[in-house]
Amino acid sequence: MTNEQQPISGVPGKFTALTYMTLASGIVNIISGLTLTGLVIIGTIGIGVLCAPITILPTILGVFEIVYAVKLMSNPPQPVRPSQTLAIFEICCIIFAGVIPVVVGILALVFYNDPEVQAYFNRINASS
Amino acid sequence: MQNPQFSTAGKTNGLAVTSLVIGIISWLLFIVLLCLNYVILPLLTVATMGLGAIFYICTLSVGCLSPLGWLIGTILGYVAKNQIKQTSDGNPGMANAGFIMNATGLGLTILGICGIVVYAIAVGGFGFLDQLQYPR
């Protein structure tokens, strides 16, 4: 008897969209966080390094988003819970004028409550 | 025969949508005004040798709309969340998104006001107002 997981068929379109949007948002967040930090430091001739703990926050969120997106994309699917915390932090990225993470965060919160997506999450968690 | 794709099961709450829309508009307004105040208006003021500074008055009055929008949006989002919890009719994700978006803006506004008050206390009152009345 093998212990291998069988791939679950019938991935909902909204789940796939959520996966790729989270990945894209993560990449955008990493790039924008690093750019913002770099610009602040260069623009203030080094003094802006004091603001780095704040300006680097989108980059940290971006890393978490990519890790989560990779978990969602794995084949066979890993057991993973819908992460509302990540979606809330994505929406909070509006403070850094990040439009893409905000859109992804709103859509993520909406999709997590979709019956089809909820059923898929239940299925992949039950199969573990 | 009813198409399952267009059934009423996925009904949206009106308050949740309103909260979300108010949040998006308020944030857009805030970001546009921020760009205007720190990039475009200083350039305009320099280019018009000071005349462009009149536009600062216009942007100040419009700038008050964002915190007002965030306040209204937060209340609407909270009410929508409670309504959805009670009736289980509508998507709570949209209400949550609207509430968080507006609450973030409101929190930022409160933090800004606290910062101004702390600064005023630290430097010993609103001295700049005295200077306006009694120029030295």
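The values are calculated or read from the model by the stated rules, or taken from the named source; none is laboratory data. Predicted model only: the values in this text are computed from it and were never measured. Neighbour counts are summed over all protein chains in view; Cβ atoms, including those assigned to glycine, are modelled from backbone coordinates with ideal geometry.
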Check: Take the residues of segment A:74-124 that are outside any helix (DSSP H, G or I) and either of a type in the set (G, A, S) or touching a strand residue (DSSP E or B) at 6+ places or on another chain (Cβ under 8 Å) (or both): which is farthest from the other protein chains (Cβ to nearest Cβ)?
Finding: A:S74
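Here are some residues: A:V49, A:V102, A:V67. Which one is within 30 Å of B:A95 (Cβ to Cβ) and surrounded by fewer than 19 Cβ atoms within 10 Å (Cβ to Cβ)?
Numbers: A:V49 fails: within 30 Å of B:A95 (Cβ to Cβ); A:V102 fails: surrounded by fewer than 19 Cβ atoms within 10 Å (Cβ to Cβ).
Only one candidate qualifies: A:V67.
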Notebook entry, point to check: For segment A:12-46, how many residues meet the condition of being surrounded by fewer than 17 Cβ atoms within 10 Å (Cβ to Cβ), in a loop (DSSP other than H, G, I, E, B) and not hydroxyl-bearing (S, T, Y)?
Noted result: 2
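Kindly indicate whether A:G26 is in contact (Cβ under 8 Å) with a residue 24 or more places away in the chain, away from chain B (no Cβ under 13 Å) and at negative phi. Walk me through how you get there before you give the answer.
On the way: in contact (Cβ under 8 Å) with a residue 24 or more places away in the chain: yes; away from chain B (no Cβ under 13 Å): yes; at negative phi: yes.
When the stated conditions are applied, A:G26 passes them.
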Next item on the list: Output the number of the condition that A:E65 fails; it satisfies all remaining conditions of (1) closer than 17 Å to A:P12 by Cα; (2) in contact with an Asp or Glu (Cβ under 9 Å, 6 or more places away or on another chain); (3) modelled with pLDDT of 90 or more.
Entry: (1)
Check: Which residue out of B:G52, B:G10, B:G63, B:G73 is out of contact with any strand residue (DSSP E or B) (no Cβ under 8 Å at 6 or more places or on another chain) and at pLDDT 85 or above?
Finding: B:G73
